[in-house]
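Enquirer: Please read through the structure below; I'll follow up with questions.
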Amino acid sequence: MANTYYTAMYAVDKKSHAFGLGDRLPWSGAKTDLEMLFMEIEKSDIVLLTRNMIKTIPNSFFDEIKNKVQIVSQENSIESFYKDDKYKGSDILILGGHSLFQKCIDYNIPDKIIVNELSFMEKDILDWDCIGPRINDNYIKKDFNVIYPKEKSNHGKYVIESILYKRVWYGNVSIHYIHYCICFFRISNYLAK
């Protein structure tokens, strides 16, 4: 059986690392960034979202992807997707929100992370309340592309620096497998006391 492949994708403002403002992005009209996102969605079998993230997606966009969407919640955690055999061999796109991204990155779940850093030329992002997820040392920068969109966003002209991070492997063992074994060992020792 094929391995499950996890991709996380999100965008931030390059200068401030702004990621969110309330329940939305701190910018709008960055059409090229959305097109890049949609290409990743088309390649994926499953898209993982939190319930709050679904509220931020325009209905027309959600209607196109709803057959692939799985909700991650307290009842239906990322761990349950990770362990469930029915998702084995799937290409899974982690699409947010922030807490889902950070938890997945902290547990080293994504095989790759795509971060689109948007640089706005005419107007800085001043209003934001959340910065992008922190990428730990278990990921290394593998690729870098610069895209010059023709359209303007609500902050004017912008440039996208798309950065690809890959999870580090040690021999045949990935970091997240080592992490899983350590956690299992700690829990087993705790329960044995």
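Enquirer: Roughly what angle does helix 31-43 make with the longest principal axis of the chain, taking Cα atoms, 0 to 90 degrees, to the nearest 10?
Expert: Here the helix axis deviates by roughly 30 degrees.
Enquirer: Find the lysine pairs in region 13-98 meeting two conditions, Cα atoms under 24 Å apart and a separation of 8 or more places or different chains, and report how many there are.
Expert: Here the count comes out as 20.
Enquirer: Any idea how far apart Asp63 and Asp45 come out in nm if each label point goes 7 Å out from Cα toward Cβ?
Expert: Rounded to a tenth, the inter-label distance reads 2.8 nm.
Enquirer: Cross-link candidates for Lys166: which aspartates and glutamates have Cα within less than 13 Å, leaving aside residues fewer than 8 places away along the same chain?
Expert: Answer for Lys166, where 13 Å is the Cα cut-off: Asp111, Asp137, Asp143, listed by chain and number.
Enquirer: Also, I was wondering about something else. Treating the angle as unsigned and between 0 and 90°, give the value, to the nearest 10°, between the Cα long axis of helix 175-192 and the longest Cα principal axis of the chain.
Expert: Here the helix axis deviates by roughly 50 degrees.
Enquirer: Next question, about the same structure. Would you compute, from DSSP H runs of 4+ residues alone, the mean residue ellipticity of the chain at 222 nm, taking -39500 (n - 2.57) per run and dividing by the full residue count, rounded to the nearest 500?
Expert: Mean residue ellipticity, 222 nm, calculated: -9000 deg cm²/dmol.
Enquirer: Oh, and also: Arrange the peptides 98-110, 130-142, 43-55 so that the one whose residues have, on average, the most other Cβ atoms within 10 Å appears first.
Expert: Taking the mean over residues of other Cβ atoms within 10 Å, the ranking is 98-110, 43-55, 130-142.
Enquirer: Roughly how many nanometres apart are two label points built 7 Å out from the Cα toward the Cβ at Glu161 and Ser77?
Expert: Simple spin-label model gives 3.6 nm for this pair.
Enquirer: Another question, if that's okay. How many Å² of accessible area per residue for the chain, probe 1.4 Å?
Expert: 59 Å²
Enquirer: Which percent of the accessible heavy-atom area of the chain goes to carbon and sulfur, probe 1.4 angstrom?
Expert: Carbon-and-sulfur percentage of accessible area, whole number: 54.
Enquirer: Quick one: length gained pulling Asp124 to Asp106 fully straight, 0.36 nm per residue minus the C-alpha distance?
Expert: 3.5 nm
Enquirer: If you don't mind, there's one more thing I want to ask. Would you work out the relative contact order for region 33-131, in percent, from Cα pairs under 8 angstrom that are 6 or more residues apart?
Expert: 34 percent
Enquirer: Pairs of Cα atoms under 8 Å, at least six residues apart: use those to get the relative contact order of the chain, whole percent.
Expert: After rounding, I find 31 percent.
Enquirer: Separate question: Given labels modelled 7 Å from the Cα in the Cβ direction, how far is it in nm from Asp91 to Ile131?
Expert: About 3.3 nm, to one decimal.
The values are calculated or read from the model by the stated rules, or taken from the named source; none is laboratory data. All values reported here derive from a predicted model rather than from experimental measurement. Ideal geometry is used to build each Cβ from the backbone, glycine not excepted, and the neighbour counts take in all protein chains shown. Heads up: the accessible areas ignore ligands, DNA and RNA and are worked out on the full protein's heavy atoms, side chains in. Shrake-Rupley method; radii C 1.70, N 1.55, O 1.52, S 1.80 Å.
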